[in-house]
1. Can you tell me how region 279-369 classifies by the Cα gyration tensor, rounded, prolate or oblate, using a/c under 1.5 as the rounded cut?
2. Only sites in a loop by DSSP and with at most 15 other Cβ atoms within 10 Å count here; which GluC sites (Glu not before Pro) in region 310-385 make the cut?
3. Based on C-alpha coordinates, I'd like the Rg and Dmax of region 213-343, in Å.
4. Out of the trypsin sites (Lys or Arg not before Pro) in region 277-346, which ones are loop residues according to DSSP with at most 14 other C-beta atoms within 10 Å?
5. Could you work out the pair-distance distribution P(r) of region 366-414 from its alpha-carbon pairs, with 5 angstrom bin width and percents rounded to whole numbers?
6. Which order do 127, 372, 230 fall in if you start with the one that has the fewest other Cβ atoms within 10 Å?
7. Using Cα pairs closer than 8 Å and at least 6 residues apart in sequence, work out the relative contact order for the chain, in percent.
8. Check the straight Cα-Cα distances from residue 376 and name the aspartates and glutamates below 15 Å, setting aside those fewer than 8 residues away within the same chain.
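Please treat every number below as a calculation from the coordinates, not as lab data. Fair warning: this is a prediction, and the values are worked out from it, not measured in the lab. For neighbour counting, all protein chains shown are included, and Cβ atoms are generated from backbone atoms with ideal geometry for every residue, glycine included.
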Amino acid sequence: MTDHALGDVARPLRVAVIGSGPSAFYAVDALQRVGGLTVRTDVFDRLPTPFGLVRGGVAPDHQKIKSVVRVYEQIAAHPSFRFFGHVTVGRDLTVADLMQCYDCVIYAVGAESDRRLGVVGEDLLGVHSATAFVGWYNGHPDHRDHRFDLTSGRRAAVVGNGNVAMDVVRVLAQKPERLQSTDIADHALESLRQSTVREVYVLGRRGPAQAAFSPKEIEEIGHLEGVDLVVDPADMELDPVSAAHLETAGKSAQRSVRFLTEQSAKGHGANERKVWLRFCASPVELVGTDGRLSAVRVERMRLMADAGGPVKAVGTGEIDTIPVDLLFKAVGYRGQPLPGVPFDERSATIPNQEGRVLDPATNTLVPRSYVVGWAKRGPTGLIGTNSPDSKETVASLIRDLTGVRAQALPADDAECIPNLLRARGVEFVDYDDWRRLDAHEIAQGAKVGRPRVKLTTTADMLRVVRELRQR
Ligand code: NAP
């Protein structure tokens, strides 16, 4: 049998992409743009819906950010693109199956879990992870049944001051009427309407110059109608370590500090709804009464320069107690291992060299295996950060292909995976199914003046997909 250059018209390169969030789409895009390459990409997701955190993570009052899916829709419109939704790798398909049906696999599985705080009281009622809360208000099937009692009191705390914390703060603090014209999950909107939360404490373990939020995100909270953003002027008298840090820090940190300084001059304001920013405050214990959270004990931190590294916060032993009824941990996402794929427990990522999966046990590259996005570099960066990240991985993949030859494919090769899934009784969803489901959600939204009304259980999604296929 004649062989061909892999990626030639006569022998397309077959790539499986596991996960369908931004990093997956940017990887597909990068592959589609390689000159002279003939490629077929199959994108898998364990949910019947694509787009990962754009659907399940980006806050409902950030519809403009969500509009990035228009770009992904263009990528999906390419004739070489296929989507296999409701397929779980590790359950419905093994890595060995993928290796049998594809020339290479790109893992774009993100970081679906969350970090723990590691303090006493973390399992009390009223203590939640931001991951669960975000998934809940976005109607993610994994989190839609989580219960958040927003009527247990008026004070909440959010630990961490990254952009996820900012999303949680906005959703908790703003008037719920502002959310009713978004695609927030119905159950969340209803709970937020009943919410008695009026004050949110944001606990950052380092100072304002090291805060993890983007200036745009903190400014948005400062401009929320009916909400006072309160900054203690004392926090804005920067210590020498922060002052030095700010000189070399990027424009973002400088802009945030400028904004916070202006904000600190405004006092407490007259609104009932308040967001209190606390800096150099690290939780050391979550205090419970009858198994329910009643307060958070925070230690005052001191900042220390660390040669060459980031500014560190060290405890001073000074403790303050803040009575709170709810607490959300927004201290970062954490990756989860995928059966059959190397995983580094410490960084919770797939070990790699420029996107080539590396087996740490043998320190050798795993053939035909690549990784992109948060699974590759950890849970950092904005949506757009994934574009250069995915390009780097695809460049590695293309370099590895140079000179590789492969035999012609059998005529029914494209059926390799669908046949396997059907034989295993897996009810998968293709891109046309998703487009019908998408149109259905948008049509339901149009009836009530919202961008869409989301289906929030996998069972409902599959039921609607089946019905829509019949039409
Ligand atoms: P993040 O930006 O890494 O922020 C994590 C926060 O948790 C930091 O304030 C960190 O403090 C704090 N933290 C970590 N461990 C802690 C501990 N043990 N005790 C107290 N505080 C602790 O992570 P993220 O907010 O989850 O966001 C993930 C990524 O998604 C980020 O790149 C973010 O920009 C992006 N994102 C963007 C948007 C948007 O653009 N609108 C929205 C959501 C998320 P230290 O800084 O001291 O470590």
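1. Working: a/c = 4.36, a/b = 1.90, b/c = 2.30.
The shape class here is oblate.
2. On the way: sites: 318, 345, 354; in loops: 345, 354.
Here the sparse-neighbourhood loop sites are 345, 354.
3. Final numbers for Rg and Dmax: 17.8, 57 Å.
4. Details: sites: 278, 292, 297, 300, 302, 312, 329, 334, 346; in loops: 346.
Sites meeting the loop and neighbour criteria: 346.
5. Bin by bin from 0 Å, the calculated values are 5, 16, 20, 17, 15, 13, 9, 5, 1.
6. 230, 127, 372
7. Values: 938 pairs, mean separation 103.3, N = 471.
Reported as a whole number, the value is 22 percent.
8. 112, 344, 345, 354, 359, 389, 392
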